[in-house]
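Quick notes on the structure that follows.
Only the coordinates and a few stated rules stand behind these numbers; no lab work does. Here the structure is a predicted model, which means the values were calculated and not measured. Every residue, glycine as well, gets a Cβ built from its backbone with ideal geometry; the counts of neighbours run over all protein chains shown.
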Amino acid sequence: MRTGTIAWADVTASPVYLDAATAAPLHPVARQALLAALDDGWADPDRLYSPARRARQLLDAAREATAETLGVRPDELSFTASGTTAAHAAVLGGLRGRRRAGRVLVHSAIEHSAVLYAAEQHVADGGTAVEVPVDRLGRLDLDAWSTAVAGAHVASAALIAASHEVGTVQPVEAAAAACARSACRSTSTPRRWWAGCRCRPAGRC
Ligand SMILES: Cc1ncc(COP(=O)(O)O)c(C=O)c1O
């Protein structure tokens, strides 16, 4: 049995690698930055001694660079340990923050299971989830989405930016505009998507 890490050579040895939305070898510059951070920024960034202050500098610089790429303020950005944690924080945290608007969550039928489980949790807690259908190519039904987000007591709406099962890129900007017209809060779950696209992936309407 083979153990150990997968090298880039293993990946390129296969004819076509199609799972880049889940994982891909790091860009050489990103790899260099990561290795430098591991060597230089290993200390607890919350402490005050010099290696800790160095770690804090590196973390803050990473946050600023990421925020700039995403078009958000650095203090609006949280790093999480996994996509699932991020999706749960965005969906359940967003709903909690908008409690006064209502308890209805709108989401597409092809959200990642992390979002669907968060929606299930919300329903188990007494909230409501409205699922918006997609066509046979996985494209969101924009009319149904617009009607759903304009409904009463809608607090939040979640739309996956791009599906890594079928590769469908969703009309995130048009969906966010429908949310803006209805004053509901939209969350787009991009994971790796934003690295390759121009649109702003998430927005407060
Ligand atoms: C939109 C989205 N949410 C959540 C996840 C789950 O991420 P993780 O496996 O890091 O928990 C993924 C994984 O691909 C994802 O694409």
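Scan the range 162-170 and give yes if some residue there is away from the ligand (no atom under 16 Å from the Cβ) and either under 23 Å from residue 83 (Cα atoms) or not charged (D, E, K, R) (or both), otherwise no. Scanning the range 162-170, I find no residue that is away from the ligand (no atom under 16 Å from the Cβ) and either under 23 Å from residue 83 (Cα atoms) or not charged (D, E, K, R) (or both), so the answer is no. If you check 148, 118, 87 for being in contact (Cβ under 8 Å) with a residue 12 or more places away in the chain and either out of contact with any helix residue (DSSP H, G or I) (no Cβ under 8 Å at 6 or more places or on another chain) or surrounded by fewer than 17 Cβ atoms within 10 Å (Cβ to Cβ) (or both), only one passes: 148. Taking the options 123, 115, name whichever one is within 13 Å of the ligand (Cβ to nearest atom) and in a helix (DSSP H, G or I). Every option except 115 fails the conditions.
Which ones in the range 15-58 are among the charged types (D, E, K, R) and assigned to a helix (DSSP H, G or I)? Residues satisfying the conditions are 31, 39, 40, 53, 54, 56.
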